[in-house]
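Following: one structure in structure tokens, then a few remarks.
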Amino acid sequence: MQINSAKDLEVYKKAYLVSMEIFRLSKLWPAEEKYSLTDQVRRSSRSVCSNLREAWAKRRYEAHFVSKLSDCDGENGETDTWLDYARDCGYLAVEKHAELTKQVVEVGRMLGGMLNNQTPFLLKSKK
């Protein structure tokens with residue numbers, strides 16, 4: 001399959017599904033968490049996808065591409081932390097936490113693969 005946009009990447013698809021599941025689950029969390037935990041985990045999980053889109057748009061510039069991928073990885077790690085808080089505060093069942101954490105780790109592994117071998121994703125300059 002030819003990749004025409006970041007949306008075609010498996011890592012994007014997985015990260016998007018995680019962020020949507022977090023959105024659905026966090027609707028049930030207490031109102032007092034709206035501007036703290038709920039907002040933070042939603043923002044970080046969505047940032048994985050948005051930074052990946054930005055990285056894809058900057059594939060012509062290796063340093064910028066790597067920087068945005070690094071941002072993706074950081075946001076993914078932050079999401080993992082917020083999920084731990086949600087579990088420990090009793091807002092997220094242990095089983096659901098384990099499921100989401102597994103998915104977040106997989107996204108991180110995929111991002112790490114891209115960071116370790118970005119060449120196939122970069123645009124070749126036309127000389």
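For the range 1-29, a residue qualifies if it is at pLDDT below 95 and not hydrophobic (A, V, I, L, M, F, W, C), and the qualifying residues are GLN2, ASN4, SER5, LYS7, ASP8. In the range 98-127, the qualifying residues are those that are more than 17 Å from the chain's Cα centre (by Cα) and of a type outside the set (S, T, N, Q), and the one that is farthest from SER70 (Cα to Cα) is LYS127. For the range 37-48, the tally of residues that are among the polar types (S, T, N, Q) and farther than 13 Å from LEU83 by Cα stands at 1.
Take the range 28-49 and flag every residue that is of a type in the set (S, T, N, Q) and in contact (Cβ under 8 Å) with a residue 12 or more places away in the chain. THR38, GLN40, SER44, SER45, SER47, listed by residue number.
Remark: pairs (first residue in the range 1-27, exposed (fewer than 13 other Cβ atoms within 10 Å of the Cβ); second residue at pLDDT below 95 and in a loop (DSSP other than H, G, I, E, B); Cβ separation under 9 Å; 6+ apart in sequence or on different chains) = ASP8/MET1; ASP8/GLN2.
The values are calculated or read from the model by the stated rules, or taken from the named source; none is laboratory data. Just so it is clear, the structure is predicted and the values come from calculations on it, not from any experiment. Here Cβ is always computed from backbone atoms with ideal geometry, including for glycine, and neighbour counts include all displayed protein chains.
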